[in-house]
Amino acid sequence: MISIWILLLTIAAKLTAVIKDVIFAGAFGAGVDSDAYFIANQLPGIVWLSIYGTIVAVFLPQYVQAMANPAAAARLANQTVRFYAYAAVVLAAMCWLAAEWLVLLIAPAADQPTRDLATQLTRIMVLGFVLTGYVGVQSAIQQAHRSFLPPLAVPVINNAIATGAVVLAWLWSDVTIAVIGAVSAYLVQAVIQRTQTRRFYRTEWSWRVSADVWKRLSLLSGPVLLAVVLDQVNLLVANALASGFGTGAISQLNYASRLTLLVAGVFSFLVSYLFFPALASHASKGEDAANARLLARALGMILTVTAPVAAAAMAMRSDIISLIYARGAFSTDNVTVTAGLFGLLGLGIIFISMRELLNRLFFSYQKTSYPLIIGLSAVSVNIGSSIFLSRQFGIFGIAAGSSISAAFFFAGQIILILLWKPHLLSRDIATYFISACGAAAGAFMVGSALAEALAYLALPIRLIAGSMAIMAIYALLLILLLLICGMSPPRFVQKMRGTAPNASNM
């Protein structure tokens, strides 16, 4: 029953985020206000993800080890909150002062009205940094104690508040209100999460952070912070290049990118979220065999669930974009361009979906520098391919470059694991990858043909019929390919449920 609630809350959080984007697209379309809004969200979003990512990667494994001594765990939690609070305040001040230069960096070719508004909105957004570390620590503590439901409920509330702010911004024709609402939602999230973690540790009011905590968090957080930033630099590169294709291009690219991340992240986030504490626990005990089984099971879940959704989304991309965004200020031209971008970005969905789990595998063993090494290479590939392809194919080349970079990042992760701990990669992983991707490719081709054949039907009926056909074709092809690879369907189900011999449970 708990698993069902976890799934429902994860879906609810993602859906409320989509609803917010739908309302925003209808209200502001793709123009100066929307471009400024996405530019202003870019840098704060990167910093938020960077700090949050370091907390999950660095603090959670340390906290899991300290949980045997409740007093030590509470002391670590309090000092970690202070550490990240200090970092957040410094970052907020720096970004507030440099907002104008940062906007110029993110969107160098944007017109002056867009840059001026984006600067104003950025200075509001960075105020939310102060709460970033606090929220991240509370979430990590709940994960460590296997209290998975409460942290997943908070984003739903957060998105609801942000959506309400977008509605007010629409009614009052002022996009600034949407940004103020987003910052306010962080505050509400911080209050709610602290009420949920009081049973795990008590607050100690002090300014002190021990030298040992400073050292451990600083040394381990540095590579993670840079790795997450580098990963997000891909979005910065995309926006910077898109700013040269006229007003609205940044918005079109962001609408498509957000939808891509939704498809790639709904289930993969859930699996990574649930499996990470177990990966960290096995790593702390040197139980590599258990982690190898757990990794294969988790990747199998991600691949077999995400692949058909990606195939359906790409095959019916125009219909999906029309259904979600085609209303209000979002014109037919915006639908056409956004659908094209979504189709190209969709090529990277499978690789993006596995990225988070593999990064968390590295973090479980405190190998925080590995994602940084991969990120440096992936950013170089993204910049080079996006610049080259955008000169050939316009804004669509940016989307293609992003997908190439996603594939390169995944390949880098696999290569590093093979060089570091090859026994963590089992034959099952190759079986799941080949079967899921092969089945998805076949389902995509059928779905693309169906999209044209069913064009005469009403949009909702067309989407339902097409999606059902794609899922059916995918299931049949998946079973066939699993059998070819030597795995029977019953055996596959046992492995996914963790009931097969030698299977590893969470």
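The values are calculated or read from the model by the stated rules, or taken from the named source; none is laboratory data. These numbers were taken from a predicted model, which means no experiment stands behind them. When we count neighbours, we look across all protein chains shown, and the Cβ atoms used for this are built from the backbone with ideal geometry, even at glycine. Accessible surface areas use protein heavy atoms only, side chains included; no ligands, DNA or RNA. Shrake-Rupley method; radii C 1.70, N 1.55, O 1.52, S 1.80 Å.
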Across (1) more than 28 Å from Leu481 (Cα to Cα); (2) surrounded by fewer than 24 Cβ atoms within 10 Å (Cβ to Cβ); (3) over 20 Å from the mean Cα position of the chain (by Cα), Phe330 clears everything bar (2)
Here the residues within region 165-187 that are assigned to a helix (DSSP H, G or I) and open to solvent by 30 Å² or more (accessible area, probe 1.4 Å) are Val167, Leu168, Trp170, Leu171, Trp172, Ile177, Ile180, Ser184, Tyr186, Leu187
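Which is among the aliphatic types (A, V, I, L, M), touching a Leu at 6+ places or on another chain (Cβ under 9 Å), modelled with pLDDT under 85 and under 27 Å from Leu253 (Cβ atoms), of Val156, Val213, Val175, Val179? Please lay out each step first, then the result.
Numbers: Val213 fails: under 27 Å from Leu253 (Cβ atoms); Val175 fails: modelled with pLDDT under 85; Val179 fails: modelled with pLDDT under 85.
Only one candidate passes the filter, namely Val156.
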Which one is modelled with the highest pLDDT, of the residues in region 236-262 that are of a type in the set (Gly, Ala, Ser) and open to solvent by 20 Å² or more (accessible area, probe 1.4 Å)? Ser257
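Considering only residues that are aliphatic (A, V, I, L, M) and open to solvent by less than 20 Å² (accessible area, probe 1.4 Å), look in region 396-428 and name the one that is nearest to Asn291 (Cα to Cα).
Here is the first cut: in region 396-428, the residues aliphatic (A, V, I, L, M) are 398-400, 404, 406-407, 411, 414-419, 424-425.
Going one step further and asking which of them are open to solvent by less than 20 Å² (accessible area, probe 1.4 Å), we end up with 398-399, 406, 417, 424.
Numbers: Ile398: 37, Ala399: 34, Ala406: 24, Ile417: 13, Leu424: 7 Å.
Filtering first and then ranking leaves Leu424.
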Since Phe200 meets every condition but one in (1) open to solvent by 50 Å² or more (accessible area, probe 1.4 Å); (2) out of contact with any Lys or Arg (no Cβ under 8 Å at 6 or more places or on another chain); (3) outside any helix (DSSP H, G or I), which condition does it not meet? (1)
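Ile383 - would you say it is among the β-branched types (Val, Ile, Thr) and closer than 26 Å to Ala307 by Cβ? Before you say what the answer is, go through the steps one by one.
Values: among the β-branched types (Val, Ile, Thr): yes; closer than 26 Å to Ala307 by Cβ: no.
Answer is no for this residue.
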Going through (1) at pLDDT below 90; (2) open to solvent by 20 Å² or more (accessible area, probe 1.4 Å); (3) in a helix (DSSP H, G or I) one by one, Ala378 fails only at (2)
